Structure formats: structure tokens, C-alpha cells
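The values are calculated or read from the model by the stated rules, or taken from the named source; none is laboratory data. None of the values given here were measured: they were computed from a predicted structure. Cβ coordinates were reconstructed from backbone atoms using ideal geometry, including for glycine residues, and neighbour counts include every protein chain displayed.
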Amino acid sequence: MPLLPLSESIATHVLDGASVALEGFTHLIPFAAGHEIIRQRRRGLHLIRMTPDLIHDQMIGMGCADRLTFSWGGNPGVGSLHRLRDAIERQWPQPLAITEHTHAEIGAAYQAGASGLPCALMRHYADTDLDRARGAQMRTVTCPFSGERLLAVPAITPDVTILHAQQVDRKGNVVIRGIIGAAREAALAARRLVVTVEEEVKQLDAPLNAIVLPHWLVTAVSVVPGGAHPSYAAGFYERDNRFYLEWDQIARDRGRFQQWMQEHVLSSRDHAELLARLRVAA
Amino acid sequence: MSGGVQASGAYTADEMMTVTAARQLTNGAVCFVGIGLPSAACNLARRTHAPELVLIYESGTVGARPEVLPLSIGDGELADTADCVVSLPEVFTHYLQRGRVDVGFLGAAQIDRYGNLNTTVIGSYSHPTVRLPGSGGAPEIAAHAREVLVIMKQSPRSFVPRLDFLTSCGFLGGSGERDRAGFPGRGPQAVITDLGVLRPDARAGELKLTALYPGVSVEDARGATGWPLAVADDLETLPPPEAGDLRVLRELHARTEAAHATPVRIRLTAPERH
């Protein structure tokens, strides 16, 4: 399991038209990988994520995706994801088909995918308008033991899941520390697992019950310090809450958004150069 | 007095809302907390009358005791101060669906007279005028938490006769429909607004004005509601926030602003540790 430059990892494993889950819950969002997807001008992606974050706003605004599966699409604590809204409300820069769930449903759908099951079961009491909007995508079944009506959520099995993590060891084992969201389930549900990490170490020194992705499950690893910025990596750097607030202004206007992407993401060779431009590199 | 943050003497409408929401929480309750006013209210309660309140954020941080208010649901502050951090599927199944949450806090863009909530779209689903963030954890919180507290500002645009989209269930069509559907949680038990408090009528489930803030009239509340608002016979006027509550709340906000203003710095070359 070789360490690859991120550009090579994305070029090899994220192909046009693929279904791609970038997970991490507020914490460890793989921004560097998303930026590389934008630089390589991927098209027609089916993006999957519980909480599409700024990186999804950027990928959608740059025309990388034609479908989004999600459960909450906002800028946490700030407001809207303006590029996501523009895509759904005004089809800019292109139409975006959506498959919408609740958090609990996506968590269950990843678990089913990771478990080799066709669907997950959840308690269900009354149909909401989301249930009605989804029609046949979601079905209820009757429990053969209790007779209760349960919601069947189809499994999610991404072509590739991309995560950011703290460390990789010399063998390629990856450790994740702190808030995990549904990252492990998304990793195990996917056909390929692409990881970026803060650093490579000889040994992980992880407790026995730590969240470790064994090397033979990991398709490719790239060392990208700061790879989650403006999200964060516990033990390395904090969430850049000021950037999340600034993004609200940057993303409101199509022209300003495109200019920002050009000046920061497209004209940077890699993530280190981007962080230097954003003046967060120490 | 209308919606929005407005000074009314020595405190703002937001502060009155937050203090009123905090007062609904009993010591020891297990709360599923959202970001914004709910998080401020829960942390105010924890620092005043309810020190044993258990705060669960959907990021999987169980028993969080943040010193500063998080901007997002998954700020490091929540993990660093939690009893434990579990995965998202676990928090929604083992904690919420299993019935271990006493109080869920929700907000919404629209609420109707039966406490049903819309956080999905304004306009039609296929061609929305305004695309809102969506469900998040709300539908399951509304179903499973023993009780739900709703916090939102009151205006005819948000307190509507008919939702554009039903995201999370309150009392559905009222008159026992929620009970008949078999929901384990009792549904919204209080709606805390910037004007006062609404509570459901025990039989019909229709929200009724039960309390007003100082200086707010019944007419103000009716004018900010898109349906003919019922008023409780024993309508009360709540006292203004106590000085101690305001001090704790303002200190919390001041610490939060200072923390969020600290610039982030990232080392691109890790020190040789091994």
C-alpha cells in the first residue's frame, strides 16, 4: 500500500461519473482531496455526504457533480451553502439531481453498505413530505417477529470513499481520533478507500479499541498536512470558524466565487500552496 | 415589539428567549442539542440551575461541557469536554432510537398550529423558491425524544397556516393523530419565541399562547401568527431574566467571540516525534 502524491491518488481512483463519499463530521473533512478533484476538473460525480460542507459547495459550484445524496446542506452555525442553493434553485452551473435523507437514514444506509446488506431498518411512525417526495426510493416493511411497520433504507455503497485522518504508519494502517461521524461506515461501505493524513509515523500507538483502518482496506494514502482545513484535525489544528463565516460572503455571488476559486484553488499547485495563500501556514 | 434582536430595557429578545428556554430544562435531563439558541440555552441551564444536565450533540459527543459555545455541531471543544465520543449511527440508534433522550431541541423555518416543522424548502420541493438545509437529525429527534422544545422567532412568515413541506412531525393533524401513529415521544411540549411561549392543548394538540414576555401584548403575538392564535385562560407574563442568568449568558458569549476570533495556524512540516 504505497504512499502516493494526492494528485496521483485522485487521478487514479476518482473517475468521471463515479459515486464519491467525502465524509468526516465537521471534523476531518477532506478539503485537500476535494480541491484536487476540482483542479483535475472531474465531471458527472455523484457526491454523497451527510452534511455537504464548504468543499461540496465548491465542487458543485465548479460543475464537478450532477447528483448529490445528503441529509443536511448548510454552513453550520452560519447559514446557507449558496452554491448548493444556486444549483438546486436555478440550475447553476448545471442541474443537480438530489437524493435526500435524514442523518439517521444515511448513517443506517452506510452501515448496511458496510455490512453487505441490501437495506437497513429503522423505526417509522408516519410519512413526512420527504417520504412522499421520495416515493418508491423508500419502502416500509413489516417485521416478521413483532408485526411492526419499519422503514427500509437502501444501502449506500460508494465507488470510492475519501477520508482525512491523523496518522498512517509505515505499513499503511490509518488511525482516526476524535469526532468520527459515519466515516468508518462510509469507508467500509465503499469499493475503494482513499485517505489523506496529517503525518506518517513509525507506529500508531493507538489503544486496542481505537478507530484504525487496517492497511489492506486502504486503497491509497497521501500525506497532506492541513488537509482538512478549514475543517480541523484534533491534535493538530482547530476549526477555522472565521473562514466558515467569510465563505458566506465569498459564495453569495457567482463572480466572486469563481474569482476566489481561480485565485486560490486552481492557481495553487497543491494544498500547501493554498494554505500559504490563505495565510494559515505557520 | 416585533421579531428580531431588539433591546427591551436591559436585555435583548434573544436573551429573553434563551433564558426562557433554559428554564424549561430540569437538572439531570438528557438533552439532544442543536447549534445556536438551543446550545446557548442548554449551556446556560448547565451553568445555573441544572449542573447535571447531560448534553448530547449529534456529532456523537455525549456529556459535553463546553467552555465556549460551538459554532458548528462538531467543534473540537465538544469532543474535548465530553464523557465519550461515539459514531453518528450510534448516537441515532443506541441513544435516540433506543429511547435514551429526554429532551430534543429543534428550530425551523416554518411551524404550523400543530407543531409540525419545515426545514426543507419554501415553495415546491421540485422547484423551490428557497432551498433550506433539510432534515438533518430533526425528524428522528421529533419522533423519539420524550419531549421536544422548539425555539424560533415568531412572525406570520414562520408561523404559518399550512407548511410548504412537512419535515418533522409534531401533532400531525391534531386530535390524537400523533398518538394513534404510535410515536414514542410526546411531541412538542413548548414553543419558545421572541414574544412568549406556546404550549399544545392537551386534547387537540393545537398550540396555544400560554405566556408572554414583559411588555408584549396578546395582540403582538396574534399579529405575528399566521393562524387565529388561541390564548390560554391562565395566560401569564414571565418575569424578565435575572441578573445572574444574564451575567452567565453574556460571559459565555464573550468567551465564544474571543475564541472564534483566534486565528488558526497550521504547521506544514511536522516535528520529528518518532
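Numbers below:
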| item | result |
| --- | --- |
| The range A:129-181, residues that are among the hydroxyl-bearing types (Ser, Thr, Tyr) and at pLDDT below 95 | A:140 |
| Complete set of residues in the range B:176-213 that are over 16 Å from the mean Cα position of the chain (by Cα) and closer than 14 Å to residue B:235 by Cβ | B:201, B:207, B:208, B:209, B:210, B:211, B:212, B:213 |
| Unmet requirement for residue A:282, which otherwise passes all of (1) in contact with a strand residue (DSSP E or B) (Cβ under 8 Å, 6 or more places away or on another chain); (2) crowded, with 19+ Cβ neighbours inside 10 Å; (3) free of Cβ contacts under 8 Å to residues at least 24 places away in the same chain | (2) |
| Among (1) within 12 Å of chain B (Cβ to nearest Cβ); (2) in contact with a Pro (Cβ under 8 Å, 6 or more places away or on another chain); (3) of a type outside the set (A, V, I, L, M), the one test that residue A:203 misses | (2) |
| Matching residues, the range B:127-167, being within 7 Å of chain A (Cβ to nearest Cβ) and either outside any helix (DSSP H, G or I) or closer than 24 Å to residue B:14 by Cα (or both) | B:128, B:131, B:133, B:134, B:135, B:136, B:137, B:165, B:166, B:167 |
| Output for the range B:182-228, where each listed residue is at pLDDT below 95 and out of contact with any Gly (no Cβ under 9 Å at 6 or more places or on another chain) | B:202 |
| Failed condition for residue B:178, given (1) of a type outside the set (Asp, Glu); (2) within 14 Å of chain A (Cβ to nearest Cβ); (3) in contact (Cβ under 8 Å) with a residue 60 or more places away in the chain; (4) surrounded by 20 or more Cβ atoms within 10 Å (Cβ to Cβ) | (3) |
| Boolean, residue B:216 is away from every other protein chain (no Cβ under 14 Å), over 21 Å from the mean Cα position of the chain (by Cα) and either buried (at least 16 other Cβ atoms within 10 Å of the Cβ) or under 21 Å from residue B:22 (Cβ atoms) (or both) | yes |
| Search result, residues across the range B:32-81 that are out of contact with any Pro (no Cβ under 8 Å at 6 or more places or on another chain), touching a residue at least 40 places away in the same chain (Cβ under 8 Å) and not in a loop (DSSP other than H, G, I, E, B) | B:32, B:33, B:37, B:38, B:40, B:41, B:42, B:44, B:47, B:56 |
| Failed item, numbered, when residue A:259 is tested on (1) more than 21 Å from residue B:75 (Cβ to Cβ); (2) buried (at least 17 other Cβ atoms within 10 Å of the Cβ); (3) not small (Gly, Ala, Ser) | (2) |
| Filtered residues of the range A:59-81 (kept if in contact with a Phe, Trp or Tyr (Cβ under 8 Å, 6 or more places away or on another chain) and over 18 Å from residue B:34 (Cβ atoms)) | A:61 |
| Residue in the range B:42-64 that is nearest to the other protein chains (Cβ to nearest Cβ), counting only those that are closer than 27 Å to residue A:79 by Cβ and among the charged types (D, E, K, R) | B:58 |
| Of the criteria (1) facing chain B (nearest Cβ under 7 Å); (2) without any contact (Cβ under 8 Å) to a residue 60 or more places away in the chain; (3) closer than 20 Å to residue A:73 by Cα, which one residue A:107 fails | (2) |
| In the range B:77-106, residue surrounded by the fewest Cβ atoms within 10 Å (Cβ to Cβ) [restricted to those that are in contact with a helix residue (DSSP H, G or I) (Cβ under 7 Å, 6 or more places away or on another chain) and more than 8 Å from chain A (Cβ to nearest Cβ)] | B:99 |
| Check on residue A:57, within 14 Å of another protein chain (Cβ to nearest Cβ), over 22 Å from residue A:193 (Cα atoms) and either free of Cβ contacts under 8 Å to residues at least 24 places away in the same chain or under 15 Å from the mean Cα position of the chain (by Cα) (or both) | yes |
| Residues of the range A:135-193 satisfying the condition of being part of a strand (DSSP E or B), farther than 30 Å from residue B:181 by Cα and within 11 Å of chain B (Cβ to nearest Cβ) | A:166, A:167, A:176 |
| Condition check for residue A:73: surrounded by 24 or more Cβ atoms within 10 Å (Cβ to Cβ) and away from chain B (no Cβ under 11 Å) | no |
